[in-house]
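**Q** Can you read through this structure? Questions will come right after.
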Amino acid sequence: MIVGMTVALLLSDNFRTTKPNRKTDMKMRIPKLALGGLCAIAFAVQPAKAIQYTLTSPNAQLSSYSGPYGTVDVQLVGNTATITFTSLNGYLFGDGSSVGVNVNGSYLNPTIISDGSPSQFKDWTSSPPPVDGRGDFSLILDNMDFSNPLSMISFSITGTWANDASVLALNNNGFVAEAHVQAPNSGGVTGYVGATDSVPDGGSTVALLGCGLAGIGMISRKFRKS
C-alpha cells in the first residue's frame, strides 16, 4: 500500500516542493508519464507463472522426518497442463503411487515428459485405491520400486480448464497431489506425503515494488533540486 501511495503521489500534480513553475512542471511531467507508462507495461506483461503446491503433509511412516518433501508445479498452456513434481531436502520419488494428482474434471492423454527412464514406470492408474492417509486421487503414476528413485517427475495431460489453479482440485482428504518418497539417510524409510491448495503471487508484488522504488528515487531527486 505504501509503495502504491508513493507512486500515486509522485504522479499527482498536487505533489510540489516548490512554487508552481510552468517550465519546471513540463520537465517533471515527462518523467512522470514515463514512470506511469513503465508501471502499466510491468503489470500488463506479467509472465505466465505456474501455480505451485508444496508437499508438506506426511503419513505416519514419515512423521518423524521433517519437510517440505517436494513441490508440484502446474502450468496450463492452451488445453495442455504440465505437472512437475520436484523433490526437496534429499527426498526421492519411487515405487507404487510415485506421484498422483486429483484432476479437476475429465482429462486425456497422460504423457511422461521427463523422469529418468520411462521403463522405470509400470503404468498410469486412473481409478487407484486410496493412498495411505492421503485419500483418493484421479490419476497416479507407479514406479517399479525404489531401486532407481527420482528427484523429478514431469508429465502432461489435456483437458479444459480456466487457468493453472483450476487444473487440480482438493480430494476427499483435502489434498490436490501426493507422492511416495524415500527419506534421506534413513536406511530406506518410505512414506506418502500430500500437498494442499496454494495460490501463487503471479509476480504483481515484484512489479509494484519496482515501480515504488523508481517513484521514491524520483521524489528524492526532486527534493535535492528544490
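Read the figures in this text as sums done on the coordinates, not as results from a lab. Here the structure is a predicted model, which is why all the values come from computation and not from measurement. Counting neighbours? That spans all protein chains shown, and the Cβs are built from the backbone with ideal geometry, glycine included.
**Q** Whose amide H sits under 5 Å from the amide H of F146, counting only residues 5 or more places off or on another chain, with H placed in the peptide plane?
**A** Placed amide hydrogens put D95 under 5 Å from F146.
**Q** Follow-up question, since we're still on this one. Please compute the Kirkwood hydrodynamic radius over the stretch 51-195, one decimal place, Å, based on all pairs of different Cα atoms.
**A** On the way: mean 1/r = 0.0675 Å⁻¹.
Roughly 14.8 Å, rounded to one decimal.
**Q** About the Cα centre, and with charges only on the beta carbon of Lys, Arg (+1) and Asp, Glu (-1), how big is the dipole of the stretch 51-195? Nearest 20 debye, please. Working shown, then result.
**A** Values: 2 positive and 10 negative charges, 26 e Å.
Here the stretch 51-195 has a charge dipole of around 120 debye.
**Q** Find how many whole Å separate the alpha carbon centroid of the stretch 141-197 from the alpha carbon centroid of the stretch 95-113.
**A** 9
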